[in-house]
Amino acid sequence: MFKTLLEFTKFFNTEKKCYEYLKSKLWANGKSCPRCKSSKIIEFQDFKKNRCKSCDYDFSIRKGTIFAESRISLQKWFICIYLMSANKKGISSINLANQVGITQKTAWFVLQRLREVASGGLDMFEGTSQIDETYVGGKEENKHKEKKNKSTKAVVLGIKNEETGKVKTFHTETSRYYDLGEKIMQSVKIGSNITTDEASYYKTLKMYYSHNTVNHSKEEYVRYEKSNNSRIAVKITTNGVEGVFSLLKRSIYGIHHWVSKKHLQRYLNEFNFKYNSRAFTNNTRFETFFDNVKGRLKYKELIA
């Protein structure tokens, strides 16, 4: 359909084309009223308006999506989605505002809405998963005097599945087991193989998983073990998930410079989405984004 931003803007060159595209995605399985779910929908010549014959409800196809209650045209929304998904390391709100022609405040709100739904839903990981945690926050030399040597960094849990290559990253309140363990058990199927370092807060996982460890304190980063049923040595390492953390930090520090704990999970959503679709073309990644555009983050909730 399109390979460049120029081709993209030529394809979505009218507001009507954007509305028709959104309808094709949301109504892929048939028309549906957002109020009563009836399929008896009248589409007016004014493409922005529809009416349900069952409950006489007038609505826009934007209703119930991230585009609802927004004064920005769908054309600009679509360009924002394309620019966010095409820039692998992300895009700042200032840069987006300049390219699309909206205010920085609006661009920031648009990006947060997009990040809210970006990660979508991933199935439970099976097979073997690498698990580790890292800390995201400012460098000591860049902090104000009163904030130096204080624990201001945020904990990020990372899980990378060796079979699929996909990742999940989460912001957790602490690095204790009751915070990390909950996310792990929600993401990795019980009974699967997991690899972690020898931190004490991972030890309880042996009750639920086949748990291998590497001892970083003794500079052990890769180990090979032979299973009982095979002569082939199995590679035990967390290097894969640590590589994911390296990319994550380059994205945050290189593009955004700083991210608050309050909004960190949304930035992680964006990172998960891009990493897991890294083999996609810009066109495919744009289309995939529309699989999960329902729901809306309100500004009051965002700044609360």
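A short reminder: the numbers here are calculations on the coordinates, not readings from a lab. It should be emphasised that the depicted structure is a prediction, and the values quoted were computed from it without experimental measurement. So basically every Cβ, Gly included, is an ideal-geometry build from the backbone, and we count neighbours across all protein chains shown.
One table, with the values for the structure above:
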| item | result |
| --- | --- |
| Phi to ³J(HN,Hα) by Karplus 6.51 cos²θ - 1.76 cosθ + 1.60 over the stretch 35-43, Hz, x for Gly, Pro | 9, 10, 6, 5, 9, 8, 10, 9, 9 |
| Sites Leu302 and Lys235 - FRET efficiency at Förster radius 35 Å, r taken between beta-carbons, to 0.05 | 0.25 |
| Shape category assigned to the stretch 128-260 from the gyration tensor of Cα positions, a/c cut at 1.5 | prolate |
| Least to most buried among His256, His171 (fewest other Cβ within 10 Å first) | His256, His171 |
| Pair Asp291, Ser32: separation of 7 Å Cα→Cβ label points (nm) | 1.6 |
| Ranked list, fewest to most other Cβ atoms within 10 Å of each Cβ, for Trp77, Trp108 | Trp108, Trp77 |
| Most mobile of Arg62, Arg113, Arg250 in a GNM of the chain (Cα contacts under 10 Å) | Arg250 |
| FRET E, pair Lys218, Ser54, Förster distance 51 Å, beta-carbon r, rounded to 0.05 | 0.15 |
| Tilt relative to the chain, helix 74-86 - C-alpha long axis, 0 to 90 degrees, to 10 | 20 |
| Pairwise Cα inverse-distance average, inverted: Kirkwood Rh of the chain (Å) | 21.8 |
| Gain in span if fully extended, Glu20 to Lys40, counting 0.36 nm per residue against the direct Cα distance | 5.4 nm |
| Spatially proximal lysines relative to Lys166 (Cα-Cα < 19 Å; intrachain offsets below 8 disregarded) | Lys88, Lys89, Lys183, Lys189, Lys235, Lys249, Lys274 |
| Förster radius 30 Å - calculated FRET efficiency between Lys203 and Tyr253 (Cβ-Cβ, nearest 0.05) | 0.40 |
| Order of Phe125, Phe11 - criterion: other Cβ atoms within 10 Å of each residue's Cβ, fewest first | Phe11, Phe125 |
| Phi-based couplings in Hz for the stretch 95-108 (Karplus 6.51, -1.76, 1.60; Gly and Pro marked x) | 5, 5, 4, 5, 7, 9, x, 10, 6, 5, 4, 5, 4, 4 |
| Ordering of 181-188, 211-218 by packing [mean C-beta count within 10 Å, highest first] | 181-188, 211-218 |
| C-alpha long axis of helix 15-26 to longest principal axis of the chain, angle in ° | 50 |
| Label-point separation in nm, Thr103 to Met185, each point 7 Å along Cα→Cβ | 4.6 |
| Mean Cα-pair separation over length for the stretch 128-260, i.e. relative contact order, pairs under 8 Å, 6 or more apart, % | 23 |
